[in-house]
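A quick write-up on the structure given underneath.
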Amino acid sequence: MAIEGRVWKYGDDINTDLIFPGRYTYILMSESEMADHALEDAEGGFNREAAAGDIVVAGKNWGCGSSREQAVKALKARGVAAVICKSVARIYFRNALNEGLPVIVCPEACDALADGETAEVDFRRNLVVAPAGSFPFPNYPEYIQGMVDAGGLLAFVKKQLSERGKMK
Amino acid sequence: MAGKTVAEKILSAHAGCAARPGDLVVCDVDFLMLHDVFAHLAMDGFRKMGGTRVFDPDRVAIIFDHSSPAPNRKTANIHALTRTFAKEQGVRFHEAGEGVCHQLMVEKGYAKAGDLILGTDSHTCTYGAVGALATGIGATDAAVTLLTGQQWLRVPPTVRIEFTGALQPMCLAKDAILAAIGRLGVGGASYRAIEFHGDWLAGAPLADRMTVGNMAVEMGAKCGITIFDGMKIAPDPDAAYESTVRIDLDSLAPAVAFPHMVDEVKPVSEAKNIPVQQGVIGSCTNGRIEDFRIAADILRGKSVKGRLLVMPASNAVLGQMADEGVLAVLLAAGAVLCTPGCGVCCGTIGGVPADGERVIATTNRNFRGRMGNNQAEVYLASPATVAASMLTGVISDPRDLL
């Protein structure tokens, strides 16, 4: 399975207040409404112009700050196909797994990709393909891969509970 | 084999196996905290998995603090659904105005030494102050714990931050933790457990330990455990730390975190004379009686320049402020009292600054737009620095008042 999309490039420490502002977080809204506010306070044209299939490429510590799951949902609802970063904050990573938004940690690819370029991610071969070259990224740990294969955390836990009565 | 850090001990105990950094373990969770904005999302996930009864109602608390009291109809209706769920399930429930979730978790004794605690808020790490391993999660993860009483976690390596020396006059716990964040950076302890060591902290009051533990997440940490005298689960003397960072309190000056990053920490001398239109004293970081006493000592008999919002971390703190006369002093100085809760800190209810305004606050985050206006600036500081700045209308060094 592979995806290909336009790159939106960000630097380090892009926090979840930038990805989905607090003034919307505590208001109930639909996922399509959330999509409209994605990266609204961040620099660049993403909020105005991003289209389904686009890819976010970022520096270190993507998604730091608040635990708001909307910071993942908004990107997913906007159609972002993947986030490729040098590193990701831990709550964001967990939320992304749970919402089915691929977050790929691949520092070399991030350095090689520029805003506006096209990036491709080959999930079978674990490769990010940039104009400048191909860059491998690591597999998930087995337990996490199990979650992804089951279709997300909720589906995974439901299955575990029915088969074993508990999460492990 | 090396000894264990506190995080390794607690995770091993809750996973039922020897947990080493890098391991992925499934743990039994002692307590789950949900607040008013994310609880209903966790409830949805809970139902999607076919959940009907929560794992243990005595070990779940739903606390209304972020968007409380309800500012609009939609939120009010969500609150109503959550109240119904809380009642049906028999979980612990705290209504709007009782206080910030993290303050209540400690005040009510829900967070205990050696516990593994999860909460739908990144500042859940606060309870490291009582020697618990406490960490923030999203609503979907919370749904899973709500149903199963368990969660998967990666075992973090531990970074040791050691505060050496003693706090100088007018320097407070907030200055110490801001110095640590300035040194490590917002991603400097990403995925790590932090243990905060040092003679000062070992004998410091709980309020100070909460201020320190509260901001561990601002370095990207999974949890921030304060090491104090008599703690139930202490690190082994031969525990293996990934790194040690020393912060010298003897040479520490009052600190200010400049907009728009928590690690833009500079000594207050570099912020002097920046005009501020609004001050905030309160929140889970610095909303305890100790913080308001300090502010009252500075503001007694004087008047503030600008708007000072005072936001006690709980109604118990507010009651104590009233009993001690601290509240009267602050009100006489011109302070405005806000609901015990999170509203002002995260821009949900009250205190949104205007375009171009600057706020100096005892809260824990100053990202662009944090208080509800992305055209305003937020500076973070201690209660003493905020109070001193409200006397003059510009960022001021509290030591000038000595």
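Computed quantities for the displayed model
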{"item": "Stokes-Einstein D (µm²/s) once Rh is taken as the Kirkwood radius of chain A over alpha-carbon pairs, at 37 °C in 0.692 mPa s", "result": "202"}
{"item": "Positive-end residue of B:Gly188, B:Leu337, B:Tyr110, charge dipole of chain B with Cβ unit charges", "result": "B:Leu337"}
{"item": "Cα-based equivalent ellipsoid of the protein assembly as shown: semi-axis lengths in Å, sorted from largest, via gyration tensor", "result": "35, 27, 25"}
{"item": "B:Ile233 long-range amide H proximity, modeled H, under 5 Å", "result": "B:Gly114"}
{"item": "Length released on extending from B:Ala80 to B:Arg183, taking residue separation times 0.36 nm less the Cα-Cα span", "result": "32.7 nm"}
{"item": "GluC sites (Glu not before Pro) within the stretch B:205-294: DSSP coil, no more than 14 neighbouring Cβ in 10 Å", "result": "B:Glu242"}
{"item": "Computed [θ] at 222 nm, deg cm²/dmol, chain B (DSSP H ≥ 4; -39,500 (n - 2.57); rounded to nearest 500)", "result": "-8500 deg cm²/dmol"}
{"item": "nm² value of the averaged projected area, convex hull over the Cα atoms of the stretch B:259-340", "result": "5.9"}
{"item": "Approximate spin-label separation B:Asp199-A:Arg164, in nm, with each point projected 7 Å along Cα-to-Cβ", "result": "5.0"}
{"item": "Net dipole in debye of the protein assembly as shown [+1 Lys, Arg Cβ; -1 Asp, Glu Cβ; about Cα centre; nearest 20]", "result": "960"}
{"item": "Dipole in debye (nearest 20) - the stretch B:94-188, about Cα centre, beta carbon charges: Lys, Arg +1; Asp, Glu -1", "result": "320"}
{"item": "Spatial separation of Cα centroids for the stretch A:1-16 and the stretch B:177-214, in angstrom", "result": "32"}
{"item": "Lys/Arg +1, Asp/Glu -1 at C-beta; the stretch A:1-160 dipole; positive extreme among A:Gly53, A:Phe93, A:Leu153", "result": "A:Leu153"}
{"item": "Entries of A:Lys76/B:Lys87; A:Lys168/B:Lys48; A:Lys166/B:Lys232 with Cα pairs more than 24 Å apart", "result": "A:Lys76/B:Lys87; A:Lys166/B:Lys232"}
{"item": "Approximate spin-label separation A:Met29-B:Asp23, in nm, with each point projected 7 Å along Cα-to-Cβ", "result": "4.3"}
{"item": "Within the stretch A:1-73: Cβ-based charge dipole about Cα centre, in debye rounded to nearest 20 (Lys, Arg +1; Asp, Glu -1)", "result": "100"}
{"item": "Listed residues B:Ala70, B:Gly97, B:Met33: farthest to the positive end of the dipole of the stretch B:25-155 (Cβ charges)", "result": "B:Ala70"}
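None of the figures in this text is laboratory data; all of them are computed from the coordinates on show. In this text the structure is predicted, and so the values were computed from the model without any measurement. Cβ coordinates were reconstructed from backbone atoms using ideal geometry, including for glycine residues, and neighbour counts include every protein chain displayed.
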